[in-house]
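Notes for the one structure printed next.
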RNA sequence: GGCAAUGUAGCUCAGUUGGUUAGAGCAUCGCAUUCAUAAUGCGAGGGUCGCAGGUUCGAAUCCCGCCAUUGCCA
């Protein structure tokens, strides 16, 4: 190993231990794993640790619902997570849990240090409390009617319908999402981390440790003023009890990032590595966290502040990435695009996805779109048609005519040189997480290789008497280019790289060896290294995702509070009262976005002889173009209501809790605009 | 509601500090070719760079407003 070998510790965000790994998670683990494999291929000492995030109310409640202990739930989840990760070739050096002795010790140690330096405050706050379950309720576990717009079934912090923000105690008809009981207000003393103590330090630190795009966002928080952070929760809570405060527990987000340290410590003890060398205040090693843009706040403010306060080293960098969208939209359960790792693996090998993500990942925080058609075409074209094709079209000649031995010289030194001269550029692109640019460079080499073989025409030479050496030379040239390309792609395609090594009769693809040509070298029989992605396999993933969802919904519907419990049937009315409501079939002749309105769509409804302008709060669930031409049911004799955006002349009927889960009514085929519903 | 990021060919994306006729891959079409997992090579068509203003000799690039998408609001 060279003198300039770096010591690097890398983490991915800890997956929460109450659900399965999905494509959104995988973007991050794949991005990190590629980076780690690259560092190792370069000969650096790089360690990759992760853990399950195993504490908090949602885990406690889910275990309760399943009738098992939280410990049993997180054990089971950990097994599932590790199985998925390993199948996706995520090469963690250590995968641990935040519910561990190491983590308990570090959490206590850091908390104590912060407290002793005066960075912890106590304050009594009022919170919603479930008298039946005898527990405090986090905002998202209190539901009720929006205090502003009266929308039903809104969460305790903000309204999906009108966008208002408020506190849970303001909700009308509030109920606990856990028991259905009416929450009461109750006081409790909470512990706070005084983030504001670290403002100067953080402003400095943020300046050269986060991406440009993140700085703007963080500045907003600085400008708003850093608030104290509530780090305690009352019993019953699934987590670590605060050392000097019986009945109080660390909030899950306090011990989650500390889990990075705990997992690493656990690994150090198994491998006789000096933990302190990595975490001492003046450590010379490097520490990088790969995270999603949603948790930037915790990793760029709380975490470095906690480390600073506790006298530990700070991260060398926090690398944020965007979200995965599918077909240009948020992953959606109902569209079948909320794809689980396991579902994907039932149909396709992981490297297709690894390559596709690599081909689209840059160093920024842009969202990454998985377009299923593009995915299939891109992977097939780049990997199978271009890269693997090179070996496929050369290997036959070498094996049949030359007993598998490559020629003793490089036929096209310039072309060979051009391919290896990209080594440092590609390394730099991997290092800076510009994988998409790296992939482009590599594919360009593959194009050149195919062009070369086309020009050299070994199949023509093979038929000419006395051209044997020319055939061997040109096919050996092709194999050598193939070797270089595979070495460059190794971080992304670990299994293909392994198979290519077997074919090429090599032990590894160490980066320093890339420039060495294979001369008079014996290779093995070529076997197809990768099959094309078939369209029906991709469709099967979407299909299975939809089916899983249906099964899941059935299960949760049984377990949770029923629709009727949430909203009991209203009091009985006479037919005459009902008859006053004039319901009509209406055709949606136009639908469009409403400027400045986050929730509304403007619908133009035809009743045959007249048209109505109606505003409907369904933007989160429907795209305008998907509605046009359809029929629906409207209240036609509702008094016109004047809104900020214009008059709404009626109302369309819809059911569902809100957000994406909102369904408007549609009559069976044959109903005509204007018909009365009675 | 506030803030941030994003919006470029059918699709997925590049476009460095503003500077000729806006690029690539895939898809489409034509030609060549058969060594290769119906792969490959050569060539062609295709864009008022989200919309509307402004600054400038000159804007995809800078400024303002608006629209849309995604995320955050501890």
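The values are calculated or read from the model by the stated rules, or taken from the named source; none is laboratory data. Not measured: the values here are computed from a predicted model. Don't worry about glycine lacking a Cβ; one is built from the backbone with ideal geometry, like all the others, and counts go over all protein chains shown.
Any residue at all in the stretch A:548-570 that is surrounded by fewer than 16 Cβ atoms within 10 Å (Cβ to Cβ), more than 16 Å from RNA strand B (Cβ to nearest atom) and under 15 Å from residue A:673 (Cα atoms)? No, there is no match, as no residue in the stretch A:548-570 is surrounded by fewer than 16 Cβ atoms within 10 Å (Cβ to Cβ), more than 16 Å from RNA strand B (Cβ to nearest atom) and under 15 Å from residue A:673 (Cα atoms).
Quick one: would you say residue A:251 is within 16 Å of RNA strand B (Cβ to nearest atom), at pLDDT 90 or above and out of contact with any helix residue (DSSP H, G or I) (no Cβ under 8 Å at 6 or more places or on another chain)? Judged against the criteria, residue A:251 is a match.
Of the residues A:281, A:265, A:270, the single one that is at pLDDT 90 or above, loosely packed, with under 14 Cβ neighbours inside 10 Å and under 31 Å from the mean Cα position of the chain (by Cα) is A:270.
Whether a residue is out of contact with any strand residue (DSSP E or B) (no Cβ under 8 Å at 6 or more places or on another chain), away from RNA strand B (no atom under 16 Å from the Cβ) and part of a loop (DSSP other than H, G, I, E, B) was assessed, and residue A:239 does not pass this test.
Here the stretch A:285-300 is the region considered, the condition is being in contact with a helix residue (DSSP H, G or I) (Cβ under 6 Å, 6 or more places away or on another chain) and farther than 21 Å from residue A:229 by Cα, and the residue that is farthest from RNA strand B (Cβ to nearest atom) is A:285. Scanning the stretch A:226-236 for residues that are within 6 Å of RNA strand B (Cβ to nearest atom) and free of Cβ contacts under 8 Å to residues at least 60 places away in the same chain yields a count of 1.
For the stretch A:405-413, the count of residues that are out of contact with any strand residue (DSSP E or B) (no Cβ under 6 Å at 6 or more places or on another chain), closer than 27 Å to residue A:469 by Cα, more than 11 Å from RNA strand B (Cβ to nearest atom) and free of Cβ contacts under 8 Å to residues at least 40 places away in the same chain is at least one. Close contacts from the stretch A:330-347, counting a first residue that is under 21 Å from residue A:79 (Cα atoms) and a second that is at pLDDT 90 or above and in a loop (DSSP other than H, G, I, E, B), with Cβ to Cβ under 8 Å and a gap of 6+ residues or different chains, come to A:340/A:20; A:340/A:21; A:341/A:20; A:341/A:21; A:341/A:88; A:342/A:20; A:342/A:21; A:345/A:88.
You will find that of A:375, A:357, A:323, A:402, the residue that is buried (at least 18 other Cβ atoms within 10 Å of the Cβ) and near RNA strand B (Cβ under 9 Å from one of its atoms) is A:375 and no other. Just wondering, is there one or more residues in the stretch A:421-444 that are in contact (Cβ under 8 Å) with a residue 24 or more places away in the chain, farther than 22 Å from residue A:31 by Cα and either surrounded by 14 or more Cβ atoms within 10 Å (Cβ to Cβ) or more than 8 Å from RNA strand B (Cβ to nearest atom) (or both)? Scanning the stretch A:421-444 turns up no residue that is in contact (Cβ under 8 Å) with a residue 24 or more places away in the chain, farther than 22 Å from residue A:31 by Cα and either surrounded by 14 or more Cβ atoms within 10 Å (Cβ to Cβ) or more than 8 Å from RNA strand B (Cβ to nearest atom) (or both). The set of residues in the stretch A:654-677 that are part of a loop (DSSP other than H, G, I, E, B), at negative phi and free of Cβ contacts under 8 Å to residues at least 40 places away in the same chain comprises A:665, A:666, A:668, A:669. The set of residues in the stretch A:623-634 that are free of Cβ contacts under 8 Å to residues at least 40 places away in the same chain and in a loop (DSSP other than H, G, I, E, B) contains only A:623.
The rows are residues; the columns are (1) under 20 Å from the mean Cα position of the chain (by Cα); (2) surrounded by 19 or more Cβ atoms within 10 Å (Cβ to Cβ).
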site	(1), (2)
A:53	yes, yes
A:68	no, no
A:78	yes, yes
A:85	yes, yes
A:91	yes, no
A:96	yes, yes
A:101	no, no
A:108	no, no
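Taking the criterion of being touching a strand residue (DSSP E or B) at 6+ places or on another chain (Cβ under 7 Å), under 23 Å from residue A:317 (Cβ atoms) and within 7 Å of RNA strand B (Cβ to nearest atom), the residues of the stretch A:360-372 that qualify are A:360, A:365, A:367, A:368.
For the stretch A:208-219, check the following and say yes or no: at least one residue is more than 16 Å from RNA strand B (Cβ to nearest atom), modelled with pLDDT of 90 or more and surrounded by fewer than 18 Cβ atoms within 10 Å (Cβ to Cβ). No, the stretch A:208-219 contains no residue that is more than 16 Å from RNA strand B (Cβ to nearest atom), modelled with pLDDT of 90 or more and surrounded by fewer than 18 Cβ atoms within 10 Å (Cβ to Cβ). When each of A:346, A:385 is tested for being near RNA strand B (Cβ under 8 Å from one of its atoms) and either surrounded by 17 or more Cβ atoms within 10 Å (Cβ to Cβ) or over 25 Å from residue A:320 (Cα atoms) (or both), the lone residue that passes is A:385.
Take residue A:598 and decide whether it is surrounded by 14 or more Cβ atoms within 10 Å (Cβ to Cβ) and either within 16 Å of RNA strand B (Cβ to nearest atom) or in a helix (DSSP H, G or I) (or both). In short, no. The residue list A:637, A:613 contains one member that is more than 19 Å from residue A:154 (Cβ to Cβ) and in a loop (DSSP other than H, G, I, E, B), which is A:637. Look at the stretch A:243-259: where a residue is without any contact (Cβ under 8 Å) to a residue 40 or more places away in the chain and on the phi > 0 side of the Ramachandran plot and a partner is in a strand (DSSP E or B) and surrounded by fewer than 21 Cβ atoms within 10 Å (Cβ to Cβ), sitting 6+ places away or on another chain with Cβ atoms under 9 Å, you get A:247/A:234; A:247/A:241. For the stretch A:304-315, the condition of being in contact with a helix residue (DSSP H, G or I) (Cβ under 8 Å, 6 or more places away or on another chain), within 16 Å of RNA strand B (Cβ to nearest atom) and under 28 Å from residue A:82 (Cβ atoms) holds for at least one residue. Could you check, for the stretch A:448-455, whether at least one of its residues is within 14 Å of RNA strand B (Cβ to nearest atom), surrounded by fewer than 14 Cβ atoms within 10 Å (Cβ to Cβ) and more than 30 Å from residue A:361 (Cα to Cα)? Checked the stretch A:448-455: at least one residue is within 14 Å of RNA strand B (Cβ to nearest atom), surrounded by fewer than 14 Cβ atoms within 10 Å (Cβ to Cβ) and more than 30 Å from residue A:361 (Cα to Cα). Of all residues in the stretch A:534-553, none satisfies being over 20 Å from residue A:350 (Cβ atoms) and in contact with a helix residue (DSSP H, G or I) (Cβ under 7 Å, 6 or more places away or on another chain).
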